[in-house]
Each structure stands twice: as C-alpha cells, then as structure tokens.
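Read the figures in this text as sums done on the coordinates, not as results from a lab. Quick caveat, the model's predicted, so the values are computed rather than measured. A quick note on method: Cβ atoms are made from the backbone with ideal geometry, for glycine too, and the neighbour counts reach across all protein chains shown.
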Amino acid sequence: MICKIMNIYNGDNGTKILSLPKNEEQLNSALVDLGVDRRNGFVHEVIFVKTRSKEIDKAILSLKLRVEEVNLFAMYYEDTTPEWDVKFERMLKVFQPDNAKDFLNLMYESEAYSFYKAKTVEEIGEKLISQYPAMGRWTAKDVGEMFHEQNKGSFVLNSLYMVKDESLLDENIFHYNGVSVGDFYLASEDKDYVCSVAMFNKEKYEAYMLEGAEKPPYISLMLPTTINELCRAMDRLGGNEITYFVSPLTEHFPTNLAAKFSIGYINEFAELWSELEKDNNIIEKLSAVLAYEGREETIDDLLDCYSRLDEYKIYPGVCDYGILLDLERKDNEKMTIKEKNKRINQYMCNYNGCLSGEYGLILKTNGKQGIEEFLKVDYL
C-alpha cells in the first residue's frame, strides 16, 4: 500500500509519498528527509492512503492514524486477500472504532471473525444442511439453533450472522497498546544489533509499581539506532523522562546496566559495542582483561578496560606453566632448565603475569614487549 504524509509546518511543500511497510530504520529515514524529526516535534499528518478498499482508506484517514500506525497496518495488510477486505469492512461497520488503537486491535483480531449471509437461525440451518446433507434429519430451524447455541454469534448489518472464535485469540496475538505492539520491532536485516530496550514513561511506570496503576504501554527498540528514532520513541511515550530495561542480544554485552545512564548514552555504547563485535580478538581480549582485574561487565568497567587494552598482552593457549616451559625448551635449547625457570618467573613478576585456563597467559606489559620478545608465540 502507499500513503502520503505531510510535514504540517511546510504545507504542500513538505509532503512525501511512501510505499509501506518499511522497517524502522527505513521509516525513520523517510521522516527525517521530510523534516519530521525532533526539531519539529515529529508533527505530521497522513493525508492520503491507497489500499484495495476505499472504505479502509476512509477509516484510516478519518481516525488520523500516525504514519507508524499506518505502517503497522501495512505490515499486516500485505499478507491479506481481497476477501479479507470485505470481512474487515464489515467489522468496521459493526464495531465502529473511533481511535487508532481500537482500529489496529480490531485488525489483529480479524482472523477470529467469520460472517454468514443469514437473517434468521432458520436461514443458517438451511445453508448448513445444503453443505452437509446428513444434517437433513433435523429441521433447518433446529440445525440453526444448535449452531447458534454452540457459536454464540449475533445478527448484524441486517443480513449477516457474525461469529467470533475465541480459540483463535491466543496469547501470541499482537496487541497495540497505543504507542507500539509490545516487543514487536521490524528490524533492519543488515544492521548489527547488540541489545533490545523496553522504554516506559517514567511517571506512569512508577505509578504502576508504587500505586498499582494499570501497566503503562512501552516501546521496544533494537540498539544501536539513530538519535532521531530514539527521540521519536520518547515523543510517543510522552513526558520528559523514561524508564528503560535492557536485554542483551550478544554473548558479551553487559547485563547489569546501571540506571544512572541515559538511554542516549546506552545507545552510544551499543554503537561502540556493535563495532567491537566485528573483531572477535578485541572482545576476547576485553573479556580477559575484565577477568584479570576482577571487574564486572558494567558499562563503566567495560569502557575503562577498553580504553586500556594496549596495556595488556594476551597469549591464548598458554594456559599453564608446563606450556611455558615447553615453549622455552623449543625456542631456547641452549638454556638450562634453571635459567628458563628464572626467566619465566622474572617476566611473570615484572608484568604481573596470570595463567588462565580460559584466556591463556595475561601480562600487563604497559605497551612493552612481552614473551614474544624471545618466544615464537601469538598474542592479542
């Protein structure tokens, strides 16, 4: 489907036609191009939509869906058929949603609804008997009443019988909470995300936790993302402050992020970590230094250790004293065992050496050469 959005501060000069659906990054980029960003308060209006159904188009415009809400509709709509259009048009007439939230949730529940052309239970029975002749042993009225009793449907729009199958509304069905569809996030396929974040309006979340108020809506984002997308999410949540919860998507990303950090800082750190993840040697070295210094995987500790990686040399595979002696034996055949032991003890002492079964030999060389000066050994 397509839609046309307008930056209302620019009038006709600030319009853009979009083909939907788009992933979050593509949608954000289109809005930025139009000037719908944190500078204009993300103010915009959807002024035109085109689906297969004029009735659905009319409903979207009259309910003033925001472009991200139209995008949610488009994600669902691309897998539907013209027959679905007919059913959803009927549902719109029956339920008459008066806001975007009810409209989208009606869409998500649409698979649970069925319509039959019938004005009375007897007409229902006649249709069923024509489909299943074995039911002819009963009268059409009896068959229709049995069907009605079983399905608890209702007669609507003068000539239709509507049935809702509750079994199709399981816990996995999407639900629009007014700002997002919970944990749903249409990610970019070519982006290296390292964590997801659930963002709440801080005031509403505290009221929920302390006063037992209704659980507030939240928005899920994948990080790293753009500043504009982050700000757009905060704008949709309302208020000046947010509460957030982070879930790692990669093995080494810190799990105990301190609440003192702003969501913007978390996003910047995620950007850095995304780059680090592209080099396994850096991640391995950083993990070794964290273990060596007895640090936790907090942002403070990670950034501090990352800034000092050049102070260390890590020798993977050199996991115990015997391996060190064996390396000395191969590379320095003229030295006695006593001399080799002395030199090993010397650089272990000088460089605060540590032998780790997981990471290998760790030396704090402060930028100087380590054992590679006199041994043929790989290091990080």
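Structure summary
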read-out: Approximate spin-label separation Asn40-Leu210, in nm, with each point projected 7 Å along Cα-to-Cβ; value: 3.8 nm
read-out: Using alpha-carbon coordinates, inclination of helix 202-211 to the longest axis of the chain, degrees; value: 80 degrees
read-out: All-pairs alpha carbon distance profile, the chain, 20 Å steps from 0, percent; value: 21, 35, 25, 14, 5, 0
read-out: Cα shape, region 337-380, gyration tensor, a/c 1.5 rule; value: rounded
read-out: Ellipticity estimate at 222 nm from DSSP helix runs (n ≥ 4, -39,500 (n - 2.57)) divided over the chain, nearest 500; value: -13000 deg cm²/dmol
read-out: 0 to 90° range, to nearest 10: angle between helix 227-237 axis and the chain longest Cα axis; value: 50 degrees
read-out: Dimensionless Rg/Rh of region 112-168 - Kirkwood Rh, Rg from C-alpha atoms; value: 0.97
read-out: Estimated FRET transfer efficiency when R0 is 25 angstrom, pair Ser307-Lys368 (beta carbons, to 0.05); value: 0.85
read-out: Whole-number percent relative contact order across region 2-98, with pairs defined as alpha carbons under 8 Å at least 6 apart; value: 28 percent
read-out: Within a Gaussian network of the chain (alpha carbon springs, distance under 10 Å), most fluctuating of Leu221, Leu303, Leu237; value: Leu303
read-out: log10 of Debye I(q)/I(0), alpha-carbon scatterers only, for region 266-365 at 0.22 Å⁻¹; value: -1.11
read-out: Translational diffusion of region 66-187, µm² s⁻¹ [Kirkwood Rh, Cα pairs; Stokes-Einstein; 20 °C; 1.002 mPa s]; value: 132 µm²/s
read-out: Value of relative contact order over the chain, rounded to a whole percent, pairs C-alpha under 8 Å and six or more apart; value: 11 percent
read-out: Selection from Ile282, Phe261, Thr80, by position along the positive dipole direction of the chain (Cβ); value: Thr80
read-out: Hydrodynamic radius by Kirkwood, which averages 1/r over all alpha carbon pairs of region 138-284, in angstrom; value: 19.0 Å
read-out: Alpha-carbon Rg with Dmax, taken over region 187-271, Å; value: 13.2, 43
read-out: Proximal aspartates and glutamates to Lys58, defined as alpha-carbon separation beneath 12 angstrom and excluding residues fewer than eight positions away on the same chain; value: Glu89
